[in-house]
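Student: Quick one: the structure is below, questions incoming.
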Amino acid sequence: MTKLLLSLHVLAAVLLIGPATVAASLFPRYAREALAPAEDQAGPRPVPSAVRLLHRVTRVYAVLGVSVPVFGMATAKQMGVLGDTWLVTSMALTAVAAVLLGIAVFTQDAVMTALEEPWSDEAARSAVARLPRLSMVTGLFALSWAVVTVLMIVRPGSTTGA
């Protein structure tokens, strides 16, 4: 049972967290291009399909990514390591990553709203102003998952073997 749970945990992490990380990280670049002043500034601007796709992938995979810690907790319980420091640290970093991803999704929502509304210099400037912070948040999200991955592999102080 442990091997099945661990396999599901790792597969979910690779297939769900990876795409969410990439999509969230790419969104600011493509949104910045979409928010560049257009020659015809009357009416709503067309939102590039890449921006819509990156936003949708981030949102959907963020929700589906909840399965990663669920499988992880089940695996840890099965292995009897719920109280190990490396796991507690990983769980804390996972919670931080979830908050960061939530911030990223809400910021993307605001940028998408600005993109879908009729052209407004003020709305575009406001949306563009959010993009550097969004880039930072998605970078921290990726970094937190990288640290969690290393902790899962190295398991410092673990007595279950590496």
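Student: Based on this model, can you work out whether GLY80 counts as within 30 Å of VAL154 (Cα to Cα), open to solvent by 30 Å² or more (accessible area, probe 1.4 Å) and among the small types (Gly, Ala, Ser)?
Tutor: Here the answer is yes, as GLY80 does meet what is asked.
Student: While we're looking at this one, here's another question. Looking only at residues that are modelled with pLDDT of 90 or more and among the charged types (D, E, K, R) in the range 13-48, which one is most open to solvent (accessible area, probe 1.4 Å)?
Tutor: Filtering first and then ranking leaves ARG29.
Student: Considering each of THR94, THR85 in turn, give the residue that is more than 24 Å from ARG52 (Cβ to Cβ) and touching a Gly at 6+ places or on another chain (Cβ under 6 Å).
Tutor: Within the list THR94, THR85, the selection yields THR85.
Student: Now for a different question. So in the range 110-137, with the set limited to residues that are under 19 Å from PRO48 (Cα atoms) and of a type in the set (Val, Ile, Thr), which one is most open to solvent (accessible area, probe 1.4 Å)?
Tutor: That would be THR113.
The values are calculated or read from the model by the stated rules, or taken from the named source; none is laboratory data. Because the structure is a prediction, the values reported are computed rather than measured. Please note: Cβ atoms are built from the backbone with ideal geometry, for glycine as well, and neighbour counts cover all protein chains shown. Note: accessible area is taken over every heavy atom of the protein model, side chains too, but ligands, DNA and RNA are not part of it. Shrake-Rupley method; radii C 1.70, N 1.55, O 1.52, S 1.80 Å.
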